[in-house]
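Beneath this line is the structure, given in structure tokens, with notes to follow.
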Amino acid sequence: MRMLNLLKEIELPKVQVGSSIMPGKVNPVIPEATIQAALKVMANDFLITECTSRSTFQINEFIPLLAFSILESMEILIKTNEMLEKYVREIKPNPEKCREYLDRNPIMITAFVPHIGYEKASILLKEFFASGKDNLREFLKEKLGKEMVEKLLSPHNLMSLGYRDYA
């Protein structure tokens, strides 16, 4: 979430406006709090593992610490889940920025490989880079036709598993 926010693909809710070193910056405190909660639960997992491994025969002298760590982890996870669930509902996507990144990403050429072949896809990509253009989708429309490009780069085709016939 923090990276997607940094790349402007999403906008995180402004929970705690202000930064100690950058005026106007909004810190992603909920994702950071979530990471810290996860680290604490991981630390408790280490304690739980150590407590269970140090028992003497069938007696475990460390049950108080073991129980405390389990219960603390459960409480942290429940509260973090509640906090994060409310927060995630307020995240705003930036479809324009996502589309911009997609349209200039050379990886999309792989969607065409089953239809035009690896060699032609490579040639087209080299030609795109040499053209100085920054929108691969529009470049491919010029070269392969709008219908083919829109069909192959549709969200349905891109998210489907396996080979999809263009016809």
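Would you confirm, using the coordinates I've provided, whether M83 is assigned to a helix (DSSP H, G or I), assigned by TED's automatic domain parsing to the domain that holds P31 and touching a residue at least 40 places away in the same chain (Cβ under 8 Å)? Here the answer is yes, as M83 does meet what is asked.
Only one of these is basic (K, R) and surrounded by 14 or more Cβ atoms within 10 Å (Cβ to Cβ): K79, K86, K97. Name it.
Working: K79 fails: surrounded by 14 or more Cβ atoms within 10 Å (Cβ to Cβ); K86 fails: surrounded by 14 or more Cβ atoms within 10 Å (Cβ to Cβ).
Exactly one of K79, K86, K97 is basic (K, R) and surrounded by 14 or more Cβ atoms within 10 Å (Cβ to Cβ), namely K97.
For the structure I just gave you, tell me whether Y118 is touching a residue at least 60 places away in the same chain (Cβ under 8 Å) and not assigned by TED's automatic domain parsing to the domain that holds L12. It is false that Y118 is touching a residue at least 60 places away in the same chain (Cβ under 8 Å) and not assigned by TED's automatic domain parsing to the domain that holds L12. Among the residues of segment 65-72, are any part of a loop (DSSP other than H, G, I, E, B) and small (G, A, S)? No, because not a single residue in segment 65-72 is part of a loop (DSSP other than H, G, I, E, B) and small (G, A, S).
When A121 is tested against the conditions (1) modelled with pLDDT under 95; (2) surrounded by 13 or more Cβ atoms within 10 Å (Cβ to Cβ); (3) more than 22 Å from L7 (Cα to Cα), the lone failure is (1).
Scanning segment 16-39 for residues that are in contact (Cβ under 8 Å) with a residue 24 or more places away in the chain and surrounded by 15 or more Cβ atoms within 10 Å (Cβ to Cβ), we see that the one that is farthest from R89 (Cα to Cα) is A37. Of all residues in segment 121-161, those being outside any helix (DSSP H, G or I), in contact (Cβ under 8 Å) with a residue 12 or more places away in the chain and more than 18 Å from E100 (Cα to Cα) number 0. Within segment 89-148, the set of residues being within 29 Å of the chain's Cα centre (by Cα) and among the polar types (S, T, N, Q) comprises N94, N105, T110, S122, N135.
Pairs are defined by a Cβ separation below 9 Å, a sequence spacing of at least 6 or placement on different chains, a first member in segment 95-114 that is more than 22 Å from E9 (Cα to Cα), and a second member that is of a type in the set (V, I, T); the pairs so defined are F112/V149.
The values are calculated or read from the model by the stated rules, or taken from the named source; none is laboratory data. The structure presented is a predicted model; accordingly, all values stated were derived computationally and were not measured. When we count neighbours, we look across all protein chains shown, and the Cβ atoms used for this are built from the backbone with ideal geometry, even at glycine.
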